[in-house]
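Shown next, in structure tokens, is the structure this report addresses.
The values are calculated or read from the model by the stated rules, or taken from the named source; none is laboratory data. These figures come from a predicted structure and were not determined experimentally. Here the Cβ positions follow ideal geometry from the backbone for every residue, glycine too, while neighbour counts run over all protein chains shown. Heads up: the accessible areas ignore ligands, DNA and RNA and are worked out on the full protein's heavy atoms, side chains in. Shrake-Rupley method; radii C 1.70, N 1.55, O 1.52, S 1.80 Å.
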Amino acid sequence: MKTVFITGTSRGIGKALAQKFLKEGWRAFATSLTGELDYTHKDLIVLNLDITDHEAIKRVSNKMVEEKIKIDVLINNAGVLLDKDDESVEIERLRDTLEVNLFGTIAITQSLLPFINSGGKIINISSSAGQLTRDVTSTRYPGYKISKTALNMFTVTLAKRLESDNITVASVHPGWTKTDMGGSGAEFTPEEAAGYIYDFSQKDVESGKFWFRGERMDW
Ligand SMILES: NC(=O)c1ccc[n+]([C@@H]2O[C@H](COP(=O)([O-])OP(=O)(O)OC[C@H]3O[C@@H](n4cnc5c(N)ncnc54)[C@H](OP(=O)(O)O)[C@@H]3O)[C@@H](O)[C@H]2O)c1
């Protein structure tokens, strides 16, 4: 049985992702800030994890060692959008955003690297909001945008580092999705976003690139 590890699975895209992988016959390690989820499955293992908490990350990696768990796909889904439509960058809000979207994501990824199988994949859930080449007509969400642009650079540098380990690293834009973050007017349901990310996880793709619904995106 293949194993997926997904962060931030209590709601939104993360929840839909965990449920999709379980439905497809995978074992899922699914993290939540409370250690609880409002769904169950025989192959679902819930982990209490705040990705900004170093002790919690250590506890998770100890569990991986003790139980000899190997991961085929790691999905860094947990994320926050803390900007309040502000056009100026509020430093404290930016710091809190980077703590989760960048530092926490890097910390959990690096601690899980020893457990990722050769041939495995690391999928960083990024956003078109972080695209440098996009025609930026809006100055909204500067902190969030900065965090996703930086996350994309983590994808590129990590892909290079893992080249000889045969581990593929990708940034993936899930699409504008109806979640607490995306709002009710968004284009896709969480299940649609999760379905496409699941399909993407099954494909052989070039490492260190940015993707949306199976197509390459410009940085
Ligand atoms: N929705 C969109 O339109 C859209 C578009 C582009 C990219 N994205 C990206 O897609 C990902 C999922 O977004 P979403 O729309 O599903 O967001 P969401 O509904 O707000 O859910 C975010 C998830 O992240 C978890 N989380 C937040 N801080 C965390 C931390 N410190 N440690 C661990 N988990 C944490 C939350 O846990 P709790 O429930 O416990 O708070 C929740 O499960 C994010 O990376 C987001 O940036 C979303």
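Under a 5 Å amide H cut-off, with hydrogens placed 1.01 Å from N, Ile71 pairs with Ile116, Asn117 among residues at least 5 apart or on other chains.
Once you keep just the Cα pairs under 8 angstrom separated by 6 or more residues, what percentage relative contact order results for the chain? Each step should come with its number before you reach the end.
Values: 431 pairs, mean separation 43.5, N = 219.
For the chain, the relative contact order is 20 percent.
Taking the Cα centre of the chain as origin and assigning +1 to Lys and Arg Cβ atoms and -1 to Asp and Glu Cβ atoms, the resulting dipole is close to 560 debye. Close amide-amide hydrogen proximity is noted between Met217 and Phe210, Trp211, Phe212, each under 5 Å apart and 5 or more residues distant or on a separate chain (H modeled in the peptide plane; Pro and chain starts excluded). Checking the Cα-Cα distances for Lys15/Lys145; Lys178/Lys203; Lys70/Lys145; Lys84/Lys160; Lys42/Lys203 against a 28 Å cut-off, the pairs over it are Lys70/Lys145; Lys84/Lys160.
Which of the DSSP-defined H helices in the chain satisfy a minimum axial length of 15 Å, computed from C-alpha atoms, and a minimum mean Kyte-Doolittle hydropathy of -1.0? Answer set is 12-23, 54-66, 142-161, 190-201. Residue ranges 83-94, 164-175, 9-20 sort as 9-20, 164-175, 83-94 when ordered by packing (mean number of other C-beta atoms within 10 Å per residue, highest first).
At a 1.4 Å probe, what is the % contribution of carbon and sulfur to the accessible area of the chain? Write out the running numbers ahead of the final one.
On the way: 5320 of 10790 Å².
After summing per-atom areas, the C and S share lands at 49 percent.
Can you give the charge dipole size of region 39-131 about its Cα centre, rounded to the nearest 20 debye, using +1 on the beta carbon of Lys and Arg and -1 on the beta carbon of Asp and Glu?
On the way: 10 positive and 15 negative charges, 135 e Å.
Dipole of region 39-131, to the nearest 20 debye: 640 debye.
Helix-only arithmetic for the chain: the sum of -39500 (n - 2.57) across DSSP H runs with n ≥ 4, divided by the residue total, places the mean residue ellipticity at 222 nm at -10500 deg cm²/dmol. Dipole orientation for the chain: of the candidates Gly8, Ile197, Leu162, Leu162 has the Cα lying most toward the positive pole (charges on Cβ; Lys, Arg +1; Asp, Glu -1). Placing +1 on each Lys and Arg Cβ and -1 on each Asp and Glu Cβ, with no other charges, gives region 94-157 a dipole about its Cα centre of roughly 120 debye. Computed on the Cα trace of region 65-219, the radius of gyration divided by the Kirkwood hydrodynamic radius gives Rg/Rh = 0.97.
Probe of 1.4 angstrom, ligands and nucleic acids ignored: what's the accessible area per residue over the chain, in square angstrom? Spell out each step's value before the answer.
On the way: 10790 Å² over 219 residues.
It amounts to 49 Å² per residue over the chain.
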